[in-house]
1. As an exercise, identify the chymotrypsin sites (Phe, Trp or Tyr not before Pro) in the range 181-251 lying in DSSP coil whose Cβ has no more than 11 other Cβ atoms within 10 Å.
2. Quick one: angle between helix 23-33 and the longest Cα principal axis of the chain, in degrees between 0 and 90, rounded to 10, please.
3. Sequence gap at least 6, Cα distance under 8 Å: using those rules, report the relative contact order of the chain to the nearest whole percent.
4. Quick check: convex hull over the Cα atoms of the range 11-186, volume per residue in Å³, rounded to an integer?
5. What dipole magnitude, in Debye to the nearest 20, does the chain give about its Cα centre under +1 on Lys/Arg Cβ and -1 on Asp/Glu Cβ?
6. As I understand it, the dipole of the range 179-240 uses +1 on the Cβ of Lys and Arg and -1 on the Cβ of Asp and Glu, about the Cα centre. Which of A212, P198, A226 lies farthest toward its positive end?
7. Along the charge dipole of the chain, which of G53, G151, F236 sits closest to the positive end, that is, farthest toward it, with unit charges on the beta carbon of Lys, Arg, Asp and Glu (+1, +1, -1, -1)?
8. For every helix of n ≥ 4 consecutive DSSP H residues, a contribution of -39,500 (n - 2.57) applies; sum these over the chain, divide by its total residues, and give [θ] at 222 nm rounded to the nearest 500 deg cm²/dmol.
Amino acid sequence: MAGSEALVAPIEIRQLFDLEEFDDIFEMQKTIWSYADRELIPMRFLAVVAKVGGHVFGAYEGSRMIGFCFAIPGIKPDGHPYLHSHMLGVLPAYRNAQIGLRLKLRQRDDALARGIALIEWTFDPLELKNAFFNIEKLGAIVRVYKENQYGTTTSPLHGGLPTDRCTAEWWIDSPRVHSLFSGPRSRPAASAERISYPADIAVIRQHDNVRAREIQQTNARFFLDAFSRSLAVTGFARTETEGAYLLEPWQ
């Protein structure tokens, strides 16, 4: 080929149904999160998910899986169905290639086709890049904060901290979400409350566990107080020094 160009296999998103298709997901959990074996999601569980109303998707470059996600069917107390997107992972070399976005949009297409209006998932509020993606790119809101939801894990990515989690609510057929694909959406008011983290919180978690835990505990109180007052996270702002969750009243 001319110049330095090389053939690159196109990225394909496939829905997975069979045990043999899940083998790569088992290995990717180790690669991405470095979980101990006892913390890995077993392949038999994914086989059940695929058969009882959930879904499993894989992202492939040629024959190689480079990302995956899966969602579990759920029912709200009022009887409405939803999907809980339990896990999404992308190999480190592909994390800036919009693979996660393509997987989430495939989840959305599947849910809309089945008349499901809500997809939820949890995320670590200290992961500021994920927060920006969930709130600003996908249009999710947050109204729930759980302290140490999954217990302390063996993953070095969690830095030995309690697994505090926000719940992302993705109302996939809402005007808020539709506006992301049709033009600029309305921004949170200037008076929106802010809950801020240092922009280098990932480095702090890696090198100063005590300070990271102090930040986590302080902001947990802020989140719980805000949600008790019927506020919701509706925006996320980033600067060179901080990442800030923006909260305003939500009906």
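1. Details: sites: F181, F222, F223, F227, F236, Y245, W250; in loops: F181, W250.
Answer by residue number: F181.
2. Its long axis makes an angle of about 40 degrees.
3. On the way: 415 pairs, mean separation 36.8, N = 251.
Relative contact order comes out at 15 percent.
4. Working: hull volume 23.1 nm³, N = 176.
Residue-normalised Cα hull volume stands at 131 Å³.
5. Details: 28 positive and 30 negative charges, 103 e Å.
About 500 debye.
6. A226
7. It is F236, whose Cα lies furthest towards the positive end.
8. Details: 7 runs with 73 residues, N = 251.
Mean residue ellipticity at 222 nm (helix-derived): -8500 deg cm²/dmol.
Values quoted throughout were computed directly from the atomic coordinates according to the rules given, and no laboratory measurement underlies them. Since the structure is predicted, the reported quantities are computational estimates derived from the model, not experimental observations. Counting neighbours? That spans all protein chains shown, and the Cβs are built from the backbone with ideal geometry, glycine included.
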